[in-house]
1. How about the stretch 101-122: which of its residues are touching a residue at least 40 places away in the same chain (Cβ under 8 Å) and surrounded by fewer than 20 Cβ atoms within 10 Å (Cβ to Cβ)?
2. Given the criterion over 21 Å from Lys56 (Cα atoms), surrounded by fewer than 16 Cβ atoms within 10 Å (Cβ to Cβ) and at pLDDT 95 or above, identify the matching residue among Arg144, Arg125, Arg153, Arg137.
3. If you check every pair at least six apart or on different chains, which have Cβ atoms under 9 Å apart with a residue in the stretch 143-154 that is in contact (Cβ under 8 Å) with a residue 24 or more places away in the chain and closer than 16 Å to Glu123 by Cβ first and a residue that is of a type in the set (S, T, N, Q) and in a strand (DSSP E or B) second?
4. For the stretch 33-42: of the residues being of a type outside the set (Ser, Thr, Tyr) and in a helix (DSSP H, G or I), which is surrounded by the fewest Cβ atoms within 10 Å (Cβ to Cβ)?
5. Residues that are under 20 Å from Asp25 (Cβ atoms): which helices (runs of 4 or more DSSP H) entirely in the stretch 43-142 hold 3 or more of them?
6. Answer yes if at least one residue in the stretch 133-145 is touching a Gly at 6+ places or on another chain (Cβ under 7 Å) and of a type in the set (Ser, Thr, Tyr), and no otherwise.
7. Which of the residues belonging to the stretch 30-52 are farther than 21 Å from Thr69 by Cβ, in contact with a His (Cβ under 8 Å, 6 or more places away or on another chain) and among the acidic types (Asp, Glu)?
8. How about the stretch 14-62: which of its residues are free of Cβ contacts under 8 Å to residues at least 60 places away in the same chain, among the acidic types (Asp, Glu) and in contact with an Asp or Glu (Cβ under 7 Å, 6 or more places away or on another chain)?
Amino acid sequence: MIAPLYLRAGVRHGTLSVPAKAEHDFELAADYLGQDSVMREILVKAEHAGRALHLKVNCRDDDSYDPATRTVNWDPHSALETTSGGHQSPALGLGHELDHAVVDGRLAEAGADAYDPKYDNLEERRVIVGSEAHAARTLGEDVRHDHGGWTYRVDSPVDRS
């Protein structure tokens, strides 16, 4: 069995590189997300991707994935208030973006090109109603019903208050 990401030292997590300054926040988020079976599998896929993935942290409320550079942008202190008034942790935002990063590129590209009125596109719908919703239920967070919401600052990647 592979040791969980949060038990490993250093800033390399297989094919996923994590900046040294973000290691603690990443480990907190990975430990938390690892409580959900679907997110645990996404973390393993990120660690064993066919090509390198890069985590880039910021403090600008930017959670996104750039397939051209295989970079996951993540703000570990930016939580989300959903359009229905629920709350999601920064860790869940990381899991969401990692799902975009580990899916087959052709599937993601096709979904990103297909408009969806509630989720912006079918790729966002796939992640939000799939892995994100599964993890939210497991972790006691709120489920989104669209791709909207507002960010706010929290002290920890696993905080949503």
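The values are calculated or read from the model by the stated rules, or taken from the named source; none is laboratory data. Since the model is a prediction, treat every value here as computed from it, not as a measurement. Backbone-built Cβ (ideal geometry, glycine too); neighbour counts: all protein chains shown.
1. Of all residues in the stretch 101-122, those touching a residue at least 40 places away in the same chain (Cβ under 8 Å) come to 101-102, 108-109.
Selection gives Glu109 alone.
2. Numbers: Arg144 fails: surrounded by fewer than 16 Cβ atoms within 10 Å (Cβ to Cβ); Arg125 fails: surrounded by fewer than 16 Cβ atoms within 10 Å (Cβ to Cβ); Arg153 fails: over 21 Å from Lys56 (Cα atoms).
Going through Arg144, Arg125, Arg153, Arg137 in turn, the sole match is Arg137.
3. If the second residue must be of a type in the set (S, T, N, Q) and in a strand (DSSP E or B), the pairs left are Arg144/Gln88; His147/Asn121.
4. Here is the first cut: in the stretch 33-42, the ones of a type outside the set (Ser, Thr, Tyr) are 33-36, 38-42.
Checking the rest, the ones that are also in a helix (DSSP H, G or I) come to 33, 38-42.
Numbers: Leu33: 27, Val38: 17, Met39: 28, Arg40: 18, Glu41: 14, Ile42: 26.
Among residues in the stretch 33-42 that are of a type outside the set (Ser, Thr, Tyr) and in a helix (DSSP H, G or I), the one surrounded by the fewest Cβ atoms within 10 Å (Cβ to Cβ) is Glu41.
5. Numbers: elements: 90-102, 105-112, 122-127, 133-139.
Answer list for the stretch 43-142: 90-102, 133-139.
6. no
7. Selection gives Asp36 alone.
8. Asp62
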